[in-house]
1. Return the sequence-ordered ³J(HN,Hα) values of region 48-58 in whole Hz as given by the Karplus equation 6.51 cos²θ - 1.76 cosθ + 1.60 applied to θ = phi - 60°, using x for Gly and Pro.
2. Can you tell me the orientation of helix 33-44 relative to the chain, as the angle in degrees between its alpha-carbon axis and the longest Cα principal axis, to the nearest 10?
3. For Thr47, what residues show an amide H to amide H distance below 5 Å, using hydrogens built from the backbone and excluding near sequence neighbours?
4. Taking 25 Å as R0, compute the FRET efficiency from the Cβ-Cβ separation of Tyr64 and Thr16 and round it to 0.05.
5. Give me the dipole magnitude in Debye, nearest 20, for the chain about the Cα centre, with unit charges on the beta carbon: positive for Lys and Arg, negative for Asp and Glu.
Amino acid sequence: MAMIIKPLVTEKMTKTTDKFNRFGFIVRPEANKLEIKKEVEAMYDVTVVDVNTMNYAGKSKSRYTKAGFVKGRTIAVKKAIVTLKDGDTIDFYSNI
């Protein structure tokens, strides 16, 4: 079962990619560090040194519109920051 949902390509992650050789991914909430490491190594053919994970809880949001008061909720998400061995890199734009 695929644990990685999508890569994180943001300005902040790009800075850590250049400086510390770290890449970010959105992963399934039930994924653990060993599963994430195994899947990244298989998908991108790199050597993973370290995996850090963080859980973000969803937030309640509300706003006023022409139609009235609208309430909603942002999704809860789990992020994984993967540190690669020196010399290894991941090119997310290779198949565009």
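No lab work stands behind these numbers, since they all come straight from the coordinates. Since this is a predicted model, take the numbers as computed values, not measurements. No Cβ is skipped: glycine too gets one built from the backbone with ideal geometry, and neighbour counts run over all protein chains shown.
1. 8, 8, 8, 10, 10, 10, 8, 9, 10, 7, x
2. 70 degrees
3. Distant-sequence amide H within range of Thr47: Lys85.
4. Given R0 = 25 Å and the Cβ-Cβ separation, E is 0.10.
5. For this selection, approximately 960 debye.
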